[in-house]
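Inspection log for the structure reproduced underneath, given as structure tokens.
The values are calculated or read from the model by the stated rules, or taken from the named source; none is laboratory data. Not measured: the values here are computed from a predicted model. Positions of Cβ are generated from backbone atoms using ideal geometry, with glycine treated the same way; all protein chains shown enter the neighbour counts.
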Amino acid sequence: MVTFYMVNDNVHSSQPKGLTETNSTQVTEAFAALANETRVEILLVLWSAMDPRPETDASETLPSFVELYDRVKYDQTSNFQYHLEKLTGQFVNKTDEGYRLTTSAKRVLSTVLAGTVTDAPSFAEERIDAACMLCGTSTIVDYSDGVLTQRCPSCDGVSQEPNEPEGVIAKEYRPPVGLKNRTPQEFVQQGKTWQRHQRHAFIEGACPECSGTITTTISVCDDHDSHDLTVCQHCERVHEIDASFVCDVCKSSIRTGIWNTILTEVAVIAFFHDHGLDTKALEDKFEYGVLFDAVEQVTVDAEEPLEIAVKVELDGDSLTIILDDEADVIDVTERVRKAP
Ligand SMILES: [Zn+2]
Ligand SMILES: [Zn+2]
Ligand SMILES: [Zn+2]
């Protein structure tokens, strides 16, 4: 049996919040405003004109009405004016320096451009400088359809999904745009950095996609049966206690072993650093084995309210971190071995 612990208060609901009638209308209006070739072209011209470098003078790069009209190559001024007005406010702002995109327009465009700027790039069988967390062999990565699959050529890996190649140790979404101007090795490495920031934002309570509030659910498998990171048949997970973070607004989500959530805590980073380990580098190199090996115990200390204790041990010194029901650190105790 798996027990779920979730905080319910004014902000967090038991399910990610659905669309209300008001914002459903807003969404329909937003899509309607964009459902026109000329309007999309106006946005793309403004996107090209955008130059966020600090040395650039906005008054020289942002187009005036006439410049915008010329660049979009639309033949009737009055109709052009009409389309521009449909975008003004939500997607376009008129400033003294010229027309510019609003922040929401930039986000919409960057999402679309990130997904389409390169045509479905892929690569296969690239050996990269990142060791398998189970056996230490250097791993192989494949990338297609936006999914990066990392495999170990020497062991069974952790995933036991049917129809999957053998030895899979990670499957992660990566926007295809990340491969632009990068080798597969750089793509994998920089992607880990990007992913670490995403994970840390979730753990620290702000959605990395939209900055919305997060609902945290901690689940505990009461009959957990996993050895050497194999998947437990009761909960279909590797970790007995895990945390799931779901954005209340945009429904972005991640799920991770609870021990992993301590890696945003300064006392934990310092403890590893004192023992010659850089948690950031280990996370980015996917050397979770080193981190996980240091985790001595993960236990439920109290149920109401929920308290989870994670004990980390390195060279005989130990650090015990107490997490609450939102995976926030509420206490840290360090025990350092006395020099003989
Ligand atoms: Zn392996
Ligand atoms: Zn289990
Ligand atoms: Zn969000």
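Every condition in (1) within 21 Å of Cys135 (Cα to Cα); (2) free of Cβ contacts under 8 Å to residues at least 12 places away in the same chain holds for Gly276 except the one numbered (1).
Of everything in the stretch 204-233, what is within 16 Å of ligand 2 (Cβ to nearest atom), surrounded by fewer than 17 Cβ atoms within 10 Å (Cβ to Cβ) and either within 23 Å of Trp194 (Cβ to Cβ) or at pLDDT below 90 (or both)? Give them in sequence order. Before you say what the answer is, go through the steps one by one.
So in the stretch 204-233, the residues within 16 Å of ligand 2 (Cβ to nearest atom) come out as 217-233.
Those left that are additionally surrounded by fewer than 17 Cβ atoms within 10 Å (Cβ to Cβ): 222-225, 227-228, 230-231, 233.
Listed by number, the residues that qualify are His227, Asp228, Thr230, Val231, Gln233.
Taking the criterion of being among the acidic types (Asp, Glu) and touching a residue at least 24 places away in the same chain (Cβ under 8 Å), would at least one residue in the stretch 164-180 satisfy it? Checked the stretch 164-180: at least one residue is among the acidic types (Asp, Glu) and touching a residue at least 24 places away in the same chain (Cβ under 8 Å). Each residue in the stretch 215-233 was checked for being away from ligand 1 (no atom under 16 Å from the Cβ), of a type outside the set (Asp, Glu) and in contact (Cβ under 8 Å) with a residue 60 or more places away in the chain, and 7 pass. For the residues Gln198, Gln185, Gln189, the requirement of being in contact (Cβ under 8 Å) with a residue 24 or more places away in the chain, within 26 Å of Leu229 (Cβ to Cβ) and either within 14 Å of ligand 3 (Cβ to nearest atom) or buried (at least 20 other Cβ atoms within 10 Å of the Cβ) (or both) singles out Gln198.
Residue by residue through the stretch 284-310, note down the ones that are of a type outside the set (A, V, I, L, M, F, W, C) and within 18 Å of His273 (Cβ to Cβ).
Asp284, Lys285, Glu287, Tyr288, Asp293
Being away from ligand 2 (no atom under 16 Å from the Cβ) and either assigned by TED's automatic domain parsing to the domain that holds Ser104 or crowded, with 18+ Cβ neighbours inside 10 Å (or both) narrows it down to one residue among Asp274, Asp284, Asp248; which is it? So the residue among Asp274, Asp284, Asp248 that is away from ligand 2 (no atom under 16 Å from the Cβ) and either assigned by TED's automatic domain parsing to the domain that holds Ser104 or crowded, with 18+ Cβ neighbours inside 10 Å (or both) is Asp284.
Of all residues in the stretch 109-120, none satisfies being part of a loop (DSSP other than H, G, I, E, B), of a type in the set (Ser, Thr, Tyr) and free of Cβ contacts under 8 Å to residues at least 24 places away in the same chain.
Checking the structure you have, find out if any residue of the stretch 187-200 is over 30 Å from Ala124 (Cα atoms) and modelled with pLDDT of 95 or more. Within the stretch 187-200 (the criterion being over 30 Å from Ala124 (Cα atoms) and modelled with pLDDT of 95 or more), the answer is no, since none of the residues qualifies.
In the stretch 235-256, the residues that are without any contact (Cβ under 8 Å) to a residue 60 or more places away in the chain and within 21 Å of Val300 (Cα to Cα) reach residues that are within 16 Å of ligand 1 (Cβ to nearest atom) and not hydroxyl-bearing (Ser, Thr, Tyr) with C-beta atoms within less than 7 angstrom, at least six apart or across chains, in these pairs: Arg237/Val231. Run down Tyr82, Tyr74, Tyr69 and say which single residue is part of a helix (DSSP H, G or I), surrounded by 14 or more Cβ atoms within 10 Å (Cβ to Cβ) and without any contact (Cβ under 8 Å) to a residue 40 or more places away in the chain. One residue alone meets the criteria, Tyr69.
Summed over the stretch 234-245, residues that are surrounded by 17 or more Cβ atoms within 10 Å (Cβ to Cβ) and either within 16 Å of ligand 1 (Cβ to nearest atom) or more than 24 Å from Leu291 (Cα to Cα) (or both) total 1. Pairing each residue of the stretch 133-154 that is in contact (Cβ under 8 Å) with a residue 12 or more places away in the chain and in the same structural domain as Phe292 (by TED's automatic domain parsing) with any residue that is part of a loop (DSSP other than H, G, I, E, B) and more than 8 Å from ligand 1 (Cβ to nearest atom), provided the two are 6+ apart or on different chains, yields no C-beta distance under 8 Å.
Okay, residues lined up against (1) outside the structural domain of Tyr74 (by TED's automatic domain parsing); (2) loosely packed, with under 12 Cβ neighbours inside 10 Å; (3) modelled with pLDDT of 75 or more:
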{"residue": "Val2", "(1), (2), (3)": "yes, no, yes"}
{"residue": "Lys17", "(1), (2), (3)": "yes, no, no"}
{"residue": "Thr20", "(1), (2), (3)": "yes, yes, no"}
{"residue": "Ser24", "(1), (2), (3)": "yes, yes, yes"}
{"residue": "Phe31", "(1), (2), (3)": "yes, yes, yes"}
{"residue": "Glu41", "(1), (2), (3)": "no, no, yes"}
{"residue": "Arg53", "(1), (2), (3)": "no, yes, yes"}
{"residue": "Asp57", "(1), (2), (3)": "no, yes, yes"}
{"residue": "Glu60", "(1), (2), (3)": "no, yes, yes"}
